[in-house]
């Protein structure tokens, strides 16, 4: 049996491709094995499918465009640019060409497709544009929302809290918190003290006694966006177990309301009161009484202030009433004093000009009239009178450390009875507060006025008063306060003159915000030219103060 040996036929004759090691610039020979070329093409198509799926339907549609329009200078809007999805591949593998070996040649029985030209932008740019800049009928980019850039955390001092909380002074960790009622904050206080008074009657006949003081206070402050309400009231009662005839009440207070009607117009309303007693040795009550008669004063003021640029004009009306309780003598006889009751009506005009912030000179004129309940008193004198007071001064504020108001002028009062001499004299009024240091403050005050009297031959009492108070914080919860007062009384038409002095020291120790301990000492001295009117006294008190 003969075996016929087959001769190898060259590839060129058989028509089947064979591997060819020869290469030409820019193209690979057709001799690459079919499996290798199929694997490379499959991997390339897989990467393209993944990117098209991530880009979305619109991107897939753009990628399916047959060619890139050379007339377009840039990508189409709305993510429709087909060039943005061009694959960024690495160097072309050897044996794989971008074009067929011969024009019109077919690979694997399919006509090859020319891939789109590669652009310089990465494929993620198109994905971002598709998600953020997809065109709509009403493009929101044409109506951007302008927002203030956040440059830092909000200011905690000016930010409005969600809940209205009590304001706490960071400089006074022992200050009372108060009771919040809407836009008002109430600061009540109750004090109970015990001690000794060497002269409760404030007379020439000294009779000491143990002293019990019960005192209540109320301070009001508003927290409104406009308008303001402030005030302070005090009421106390001195009880002397060893000298009950000297028991007496004592109190005063004022409430002020400011209404901001307009930017340059405001209305001020004030109500005030004062309760005191007559001392038995005074020239107006030169008899021994069983109880100290009450003296009550109350009234109010309503005024309108209008600003004309730097010019400030205030017009105010005043109404006050003063009443005296009848005195009961030691023998039971009743001494009537209702002839001293009187009403006072006044009109005040004040004009000021602000030279600079914190410095406003002014001129103040007060015209008033006093009308008694009875035309004549028990001595047959007509004590109704008319008065005029003119003052000039200035209000000032220096760096918030020195604030106040000082004025001086002249007053004159004319009485209906020609037998009563007119009262006239210089006037000095003012208040000043000086914050010397963060721990020390000083307050000064002065006032001048005319007080009614029933002393025979005296038309009125020209009274001048000066007050000084200095306080110093020894510790954060320990405060020392020194006070001093000077009083000068001149009974016009008589030779009676009085000089009064008082000095005191007070020590406040605050256990916490609502509980404190207070100790005080006060000395009073009055020298009078009237017989039996001079006196001096010493008062010692220690007590507990509660601030709810």
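Couple of notes before you dig in:
- Scanning the range 173-187 for residues that are without any contact (Cβ under 8 Å) to a residue 12 or more places away in the chain and in a loop (DSSP other than H, G, I, E, B) turns up just one, 182.
- Among the residues of the range 239-270, those that are in a strand (DSSP E or B) and in contact (Cβ under 8 Å) with a residue 40 or more places away in the chain comprise 248, 249, 265, 268.
Yes/no matrix, rows are residues, columns are (1) surrounded by 16 or more Cβ atoms within 10 Å (Cβ to Cβ); (2) out of contact with any helix residue (DSSP H, G or I) (no Cβ under 9 Å at 6 or more places or on another chain); (3) closer than 30 Å to residue 216 by Cβ; (4) at pLDDT below 95:
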site: 263; (1), (2), (3), (4): no, yes, no, yes
site: 284; (1), (2), (3), (4): yes, no, yes, yes
site: 287; (1), (2), (3), (4): no, yes, no, yes
site: 290; (1), (2), (3), (4): no, no, yes, yes
site: 299; (1), (2), (3), (4): yes, yes, yes, no
site: 302; (1), (2), (3), (4): no, yes, yes, no
site: 314; (1), (2), (3), (4): yes, yes, no, no
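- Of the residues 372, 414, the single one that is surrounded by 18 or more Cβ atoms within 10 Å (Cβ to Cβ) and either over 20 Å from residue 448 (Cα atoms) or without any contact (Cβ under 8 Å) to a residue 40 or more places away in the chain (or both) is 372.
- Number of the exception - residue 390 against (1) touching a strand residue (DSSP E or B) at 6+ places or on another chain (Cβ under 7 Å); (2) under 30 Å from residue 343 (Cα atoms); (3) at pLDDT below 95: (3)
- Scope the range 188-223; condition in contact with a helix residue (DSSP H, G or I) (Cβ under 9 Å, 6 or more places away or on another chain), in a strand (DSSP E or B) and closer than 15 Å to residue 523 by Cα; matching residues: 197
- Annotation for the range 400-408: no member residue is in contact with a strand residue (DSSP E or B) (Cβ under 6 Å, 6 or more places away or on another chain) and under 22 Å from residue 284 (Cβ atoms).
- Filter result for residue 278 (surrounded by 15 or more Cβ atoms within 10 Å (Cβ to Cβ) and in contact with a helix residue (DSSP H, G or I) (Cβ under 6 Å, 6 or more places away or on another chain)): yes
- The residue that is farthest from the chain's Cα centre (by Cα), counting only those in the range 326-345 that are part of a strand (DSSP E or B) and under 16 Å from residue 372 (Cβ atoms), is 342.
- Checking each residue in the range 378-411 for being free of Cβ contacts under 8 Å to residues at least 24 places away in the same chain, outside any loop (DSSP other than H, G, I, E, B) and within 25 Å of residue 470 (Cα to Cα) picks out only 408.
The values are calculated or read from the model by the stated rules, or taken from the named source; none is laboratory data. Values in this document were obtained by computation on a predicted structure and should not be read as measured data. When we count neighbours, we look across all protein chains shown, and the Cβ atoms used for this are built from the backbone with ideal geometry, even at glycine.
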